[in-house]
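See below for the structure under consideration.
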Amino acid sequence: METIQVNTSQHVDIDYPLAGLGERIAARLVDLAIFFGLAILFFFFGSISGITSTPAILYTLIILYSAGYIFYTLVCEIFMNGQTLGKRVMKIRVISVNGAQPTMGQYFIRWVFRLADFVLTGQVLGLIVIAITDKKQRIGDIVAGTTVIKTVPHTTFEHIAFQPVEEAYIPVFSNIEQLTDRDVELIHEVISTYYKTHNPDLIYGMASRVGKHLSITPPPEMNQLDFLTTVVKDYKHLTSKVD
């Protein structure tokens, strides 16, 4: 599976799989279906209410609809973390090739190049370029320095897949309050990725950074994976007491 390496805020490298051509086509079809459905509703309710019989109102609505269609991708990707509704359904999103969040300028460039990728070439050129490039990029992605990756639904702390901490649980480490929910989410993401990729460097790197951040040295009998799991349990115990 083709991947791209993303460096997290904790400077831990995580490999994300690139979105394939089929997933990107499916996401586009979902977006088109949304506008097709809106068009049907527009004409249906417009006919019932008589709005479409007034030329000025009809032209205004058509202009608004067309503007929404044209700017839909740009606006969604800027304000929805690199996703349109179709991309969100397919669990894919746009990122910079260096793993960072794309800038507004990058979103704008890849949006402008939709003309070459899709509009002026009958939807064909962009699909061909995605299929043949190493990083699954269309022309707009190449120029903007972006690509599209597979992702997973955002994991909130309440959804972390660890067993509930018992009431009698005694925390192992101190200074856990220095962590945030996002820190613990990231630890869980690294652990989950480790079980998928079996890359121990992820665990070693995260354990080292968490230890330095909390000024903690794990006991000799505790490996790095157990250390991270224990940190999460300690944090969950701490936050459950606060709640």
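The values are calculated or read from the model by the stated rules, or taken from the named source; none is laboratory data. If you're wondering where the values come from, they're calculated on a predicted model, not measured in any experiment. Quick reminder, even Gly has a Cβ in these numbers, built from the backbone with ideal geometry, and neighbours come from all protein chains shown. All accessible areas refer to the heavy atoms of the entire protein, side chains included, with ligands and DNA or RNA removed. Shrake-Rupley method; radii C 1.70, N 1.55, O 1.52, S 1.80 Å.
Solvent-accessible surface of the chain, averaged per residue with a 1.4 angstrom probe and all protein chains in place: 57 square angstrom. Computed from the Cβ-Cβ distance with R0 of 22 Å, the FRET efficiency linking Lys212 to Arg182 stands at 0.80. Between 0 and 90 degrees, the angle of helix 181-197 with respect to the longest Cα principal axis of the chain falls at about 90 degrees.
Using helices alone, what [θ] at 222 nm do you get for the chain, with -39,500 (n - 2.57) per DSSP H run of 4 or more residues, divided over all residues and rounded to the nearest 500? Mean residue ellipticity, 222 nm, calculated: -18000 deg cm²/dmol. If you sort the three axes of the alpha carbon gyration tensor as a ≥ b ≥ c, you get a/c of 1.5 or more for the range 1-131 and a/b above b/c, which makes it prolate. Hey, can you grab everything whose amide H is under 5 Å from the amide H of Leu18? Only 5+ residues off in sequence or another chain; H modelled, so Pro and N-termini drop out. It is Glu2, Thr3, Ile4, Lys150, by chain and number. Across the range 123-130, rounded Karplus estimates of 3J(HN,Hα) from the backbone phi angles (6.51 cos²θ - 1.76 cosθ + 1.60, θ = phi - 60°) give 6, 8, 4, x, 5, 5, 5, 4 Hz, Gly and Pro being marked x. Near Thr146, the amide H atoms lying under 5 Å from its own belong to Val97; only residues 5 or more places off or on other chains count, and H is placed 1.01 Å from N.
With everything on Cα atoms, drop me the angle between helix 21-49 and the longest principal axis of the chain, reported from 0 to 90° to the nearest 10. Computed tilt is about 50 degrees.
For Glu221, the accessible surface of its heavy atoms amounts to roughly 150 Å² (probe 1.4 Å, protein chains only, rounded to the nearest 10). Close Lys pairs in the chain (alpha-carbon distance under 18 Å; sequence gap of 8 or more, or different chains): 11. In the range 166-243, inverting the average of 1/r over every pair of distinct C-alpha atoms gives 12.8 Å as the Kirkwood radius. Net length available on complete extension from Thr239 to Phe35 is 69.1 nm, with 0.36 nm assigned per residue and the Cα-Cα distance removed. Checking (1) 0.95; (2) 1.11; (3) 1.06 against Rg/Rh (Cα atoms, Kirkwood Rh) calculated from these atoms, the matching label is (2). Accessible surface of the chain, 1.4 Å probe: 65 percent of it comes from carbon and sulfur atoms.
If one takes the longest principal axis of the Cα atoms in the chain, at what angle in degrees, from 0 to 90 and to the nearest 10, does the Cα axis of helix 55-79 lie? On a 0 to 90 degree scale, this one is about 30.
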